[in-house]
Amino acid sequence: MIDKQLILLIIFSLEWNLRETIYWISNQVELIVELIMVVGEKRLPHRFTCQDGTTAEIKLLTAKDIPALRELYKELRAEERSRIREDVLNEHYEKRLTNQIKDENIFRIVAWQRGRIFASMTVERGFAHWLKHTCELRTVVHPDHRRIGIATHLLEEAIRYADSLDIEKLYINLMSEQTEAIRMAETLGFRFEAVLRDHVKDSFGTYHNIQVYSMDISSAKIAMEKLIQKIDEFME
């Protein structure tokens, strides 16, 4: 005779394992659905035609792409590198990038052409609870690929991503000397908010004012639609 208690124990164990398995599968399905929704919203990877007629591809930065991104930084003039928030040539920066890829609050997209990264945009969501509805945008474009619409396409994907996270407000911090970036921000409709005087010190030890610009996500989506339409008309 089989012990009834043993049978009950086996049934209980099977039921518990089944319940745990269903719970695990349910979580995995939710993650997959969320990933599909977000990636679908960003449409990445995404190919587009630049204003000079060349084609490029926008995709998410992965760990294996980090060396290519660092090559982009190396090809910037020292003065331009000094305006980047982090010391991108530091030997520990690659590890920081790897950690950022795993961080759900930081999203980096890059533009590729002929096996090289020539532009990058970082979308960094506010970390503190009361800043979760905001995100900061930061852009780097290779000097040889400027004024051909790269930053515009990166910004379009960044806005899509921010919108998928229910971000309500975008903002950018620019040095007063970054006149071209300021002009573009104002053209898109970013509103000047404040000046933080001598707020940052570059790698040369020079202090710079930071100008803060912001725009709500709904206005950003409308402005981007109009801008993309103008670009499409230009390309026709």
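The values are calculated or read from the model by the stated rules, or taken from the named source; none is laboratory data. Everything numeric here is computed off the predicted structure, so don't read it as measured data. Methodologically, a virtual Cβ is constructed for each residue, glycine included, from the backbone with ideal geometry; neighbour enumeration extends over all protein chains shown.
So that you can scan it fast, the table gives a plain yes or no per residue for (1) of a type outside the set (V, I, T); (2) modelled with pLDDT under 90:
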| position | (1), (2) |
| --- | --- |
| L188 | yes, yes |
| Y207 | yes, no |
| V212 | no, no |
| K226 | yes, yes |
| I231 | no, yes |
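Among the residues of the stretch 157-179, what is the count of those that are touching a residue at least 12 places away in the same chain (Cβ under 8 Å) and not in a strand (DSSP E or B)? First the steps, then the outcome.
Pass one, the stretch 157-179, residues touching a residue at least 12 places away in the same chain (Cβ under 8 Å): 157-178.
Checking which are not in a strand (DSSP E or B) leaves us with 157-168, 176-178.
Looking only at that region, the number is 15.
I'm trying to understand the selection: among the residues of the stretch 196-218, which are part of a helix (DSSP H, G or I) and buried (at least 16 other Cβ atoms within 10 Å of the Cβ)? Scanning the stretch 196-218 gives a single hit, I217.
Between K201, K169, the distinction of being under 19 Å from the mean Cα position of the chain (by Cα) and charged (D, E, K, R) belongs to K169 only.
When residues in the stretch 141-174 are screened for being at pLDDT 95 or above and touching a Ser or Thr at 6+ places or on another chain (Cβ under 6 Å), 2 of them pass. If you go through the stretch 173-193 and keep only what is exposed (fewer than 13 other Cβ atoms within 10 Å of the Cβ) and either on the phi > 0 side of the Ramachandran plot or among the polar types (S, T, N, Q) (or both), you end up with S176, T179, T187.
Please state which one of S120, S164 is assigned by TED's automatic domain parsing to the domain that holds L60, in contact with a strand residue (DSSP E or B) (Cβ under 7 Å, 6 or more places away or on another chain) and within 25 Å of R47 (Cα to Cα). Give the derivation first.
On the way: S164 fails: in contact with a strand residue (DSSP E or B) (Cβ under 7 Å, 6 or more places away or on another chain).
The unique qualifying residue is S120.
From the list E193, E136, the one residue that fits, being under 14 Å from E124 (Cα atoms), of a type in the set (D, E, K, R), in a strand (DSSP E or B) and modelled with pLDDT of 95 or more, is E136. For the stretch 65-93, a residue qualifies if it is among the charged types (D, E, K, R) and under 17 Å from the mean Cα position of the chain (by Cα), and the qualifying residues are D65, R70, R85, E86.
For the stretch 89-110, how many residues are among the acidic types (D, E) and surrounded by 14 or more Cβ atoms within 10 Å (Cβ to Cβ)? Within the stretch 89-110, residues that are among the acidic types (D, E) and surrounded by 14 or more Cβ atoms within 10 Å (Cβ to Cβ) number 1.
Among residues of the stretch 70-95 that are without any contact (Cβ under 8 Å) to a residue 12 or more places away in the chain, those with a beta-carbon under 8 Å from a residue that is crowded, with 16+ Cβ neighbours inside 10 Å and not polar (S, T, N, Q) at least six positions away or on a different chain give the pairs E86/Y93.
Across the stretch 112-145, the qualifying residues are those that are basic (K, R) and touching a residue at least 12 places away in the same chain (Cβ under 8 Å), and the one among them that is farthest from I182 (Cα to Cα) is R116.
If we keep just the residues of the stretch 148-172 that are within 20 Å of I84 (Cα to Cα) and not aromatic (F, W, Y), which is surrounded by the fewest Cβ atoms within 10 Å (Cβ to Cβ)?
Pass one, the stretch 148-172, residues within 20 Å of I84 (Cα to Cα): 150-152, 154-155, 158, 170-172.
Now narrow it down to the ones that are not aromatic (F, W, Y): 150-152, 154-155, 158, 170, 172.
On the way: I150: 24, A151: 23, T152: 18, L154: 23, L155: 24, A158: 27, L170: 24, I172: 22.
Filtering first and then ranking leaves T152.
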